[in-house]
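This report concerns only the one structure given below.
Each value in this text was obtained by applying a stated rule to the coordinates, not by laboratory testing. This one's a predicted model, so the numbers in the text were calculated from it and none came from an experiment. Please note: Cβ atoms are built from the backbone with ideal geometry, for glycine as well, and neighbour counts cover all protein chains shown.
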Amino acid sequence: MVEMAIVLPLLMILTLGLIEYGWLFLKEHEVTNVARQAARIAVLPYTSNDEVRAEIDPMMASAGLADSGYTVSFSPEDVSTPYPHDLVRVTITVPYRNVTLLNSGLVPTPENLVGSVAMAKEGP
């Protein structure tokens with residue numbers, strides 16, 4: 001019983017930490033995938049920021065991140081202006097405290113999950 005009393009809390013912390021990190025990596029992967037899909041849309045000729053944002057919202061909702069307080073930024077700020085072959089970067093930032101699974105504070109977690117993808121702008 002004494003051994004169990006000593007080992008069980010350590011095993012529980014280890015198990016909960018593994019679950020939290022698994023969740024963290026899943027959500028970071030989902031954010032990066034949404035950024036990748038958004039960048040694919042942003043590099044098309046004559047695509048506007050509003051069209052890209054209109055595609056991001058349903059993708060974030062399907063990932064369960066619609067109410068996560070995410071922010072989207074573009075580089076350049078207007079994706080319709082770059083000349084062909086200039087880079088367009090789409091960055092999505094999600095505060096991790098809004099998507100944490102356990103919110104235990106037992107393991108260190110990042111402040112934000114960031115998905116950033118850059119692609120060359122396609123010509124007309």
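Annotation for the range 7-83: chymotrypsin sites (Phe, Trp or Tyr not before Pro) lying in DSSP loop with at most 14 further Cβ atoms inside 10 Å of their Cβ are TYR46.
For the chain, the longest principal axis of the C-alpha atoms and the axis of helix 49-62 are separated by about 30°. Here percent of Cα pairs over 21 Å apart was computed from the coordinates, and among (1) 48; (2) 66; (3) 54 the match is (1). The relative contact order of the range 2-120, computed from alpha carbon pairs under 8 Å that lie at least 6 residues apart in sequence, is 32 percent.
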